[in-house]
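Let me begin by presenting the structure, written as structure tokens, before commenting on it.
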Amino acid sequence: MEFLVLKDSKEVAVKAADIIEEIMRSKNEKGEEIYLGLATGSSPLKLYEELIRRHREEGLDFSNVTTVNLDEYVGLSESHSQSYRYYMRENLFNEIEIPINKVYLPKGNADNPEEEARRYEKLVDELPVRDIQILGIGVNGHIAFNEPENPLSSVTHVVNLTKETVEANSRFFNNVDEVPKTAITMGLKQIFRSKHIVLIATGNTKSEVVSKFMDNYITTDNPSSFLKLHPKVTIITDEKAGKGLKVND
Ligand code: GLP
């Protein structure tokens with residue numbers, strides 16, 4: 001596992017964009033399709049801004065890109081301003097001119113969420129291994145919406161969000177009651193089906209959970225701890241989130 005502790009969230013975004021750009025340029029040269037695993041939440045916002053800037057100003061070409069998202073709230077339609085599909089459209093897809101048939105997310109308003117989870121698992125399974133998977137991390141150690149629980153489901157599933165997550169995400173809604181209490185999330189099996197996992201964490205609220213990467217334990221109480229088992233993980237933090245890592249000394 002590689003740790004990079006950078007000055008601030010802007011530097012974190014630039015570094016993550018560099019990693020994505022490198023793989024995109026090399027595959028674009030060969031005319032190969034690029035599979036990007038994408039995340040939502042506040043952590044990747046500056047990264048998406050940077051990718052859009054490079055697309056507009058430097059010609060970073062997204063025409064060979066297919067994107068696969070991690071999760072979606074149950075019950076929110078794609079026109080709901082807090083659905084993850086809406087978020088992706090607003091914060092990335094509309095700006096990089098990616099065709100709608102090359103972006104994948106679970107359907108939040110599917111009639112049968114359990115069935116939708118199975119459909120998404122199969123769909124992602126049939127896609128090639130992603131070149132990069134971008135991840136944020138919840139303050140409770142969740143990745144995507146894999147909440148601390150025992151047992152953890154390995155495959156795409158419907159999850160009951162913890163009180164902590166509902167409260168943390170209520171900042172995006174008018175009030176806590178509006179936050180969906182369930183979501184469809186990829187399990188660790190699909191998250192691991194990526195050649196390179198890049199986890200972004202910024203701000204003081206993430207320092208405690210980030211410092212837990214320094215212990216040697218893997219536990220379902222902290223789903224992110226399983227990342228220690230993946231062969232290529234880069235954790236990029238700003239100084240605030242990375243203060244417990246002390247890796248640049
Ligand atoms: C959300 C998402 C995760 C995200 C995490 C952290 O609920 N499901 O994919 O990484 O929680 O969010 P943020 O980046 O806003 O701190």
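Across the alpha-carbon atoms of the range 3-55, the computed radius of gyration and Dmax are 11.9, 35 angstrom.
Which entries in Lys163/Lys195; Lys7/Lys181; Lys46/Lys163; Lys107/Lys195 show an alpha-carbon gap greater than 31 Å?
Exceeds cut-off: Lys163/Lys195; Lys7/Lys181.
Packing around the peptides 47-53, 213-219, taken as the average count of other Cβ atoms within 10 Å per residue, puts them in this order, highest first: 47-53, 213-219. Summing charges over all other residues whose Cβ lies under 15 Å from the Cβ of Ser225, with Lys and Arg as +1 and Asp and Glu as -1, gives -2. In the calculated pair-distance distribution of the range 3-131, the portion above 20 angstrom amounts to 47 percent of the Cα-Cα pairs.
Its Kirkwood hydrodynamic radius, worked out from the mean inverse distance over all distinct Cα pairs, puts the range 83-140 at 13.4 Å.
Please list the three semi-axes, largest first and in whole Å, of the ellipsoid equivalent to the range 202-249, using sqrt of 5 times the eigenvalues of its alpha carbon gyration tensor. The equivalent ellipsoid of the range 202-249 has semi-axes of 18, 12, 9 Å.
A Förster distance of 22 Å, applied to the separation of the beta-carbon atoms of Ser63 and Glu90, puts the FRET efficiency at 0.60.
Mean projection of the alpha-carbon convex hull of the chain over all orientations, in nm²?
Its Cα hull, projected and averaged over all orientations, spans 12.9 nm².
Summary of the geometry: the range 125-152 and the range 1-64, compared by the centres of their Cα atoms, lie 19 Å apart. Run through every distinct alpha carbon pair of the range 66-184 and return the Kirkwood hydrodynamic radius in angstroms, one decimal place. Result for the range 66-184, one decimal place: 15.0 Å. Taking amide H positions as modeled 1.01 Å from N, with prolines and chain starts lacking one, the residues under 5 Å from Thr234 and 5 or more places away or on another chain are Glu2, Ile197, Val198, Leu199. Exposure proxy shown here: for Lys7, Lys107, Lys181, the number of other Cβ atoms within 10 Å sets the order, fewest to most, as Lys7, Lys181, Lys107.
Using the Cβ of Val124 as centre and a radius below 12 Å, the other residues enclosed give a net charge of +2, where K and R count +1 and D and E count -1.
Read-outs throughout are calculated quantities, based only on the coordinates presented, and are distinct from any laboratory measurement. These figures come from a predicted structure and were not determined experimentally. Every residue, glycine among them, receives a Cβ derived from its backbone with ideal geometry; neighbour counts consider all protein chains shown.
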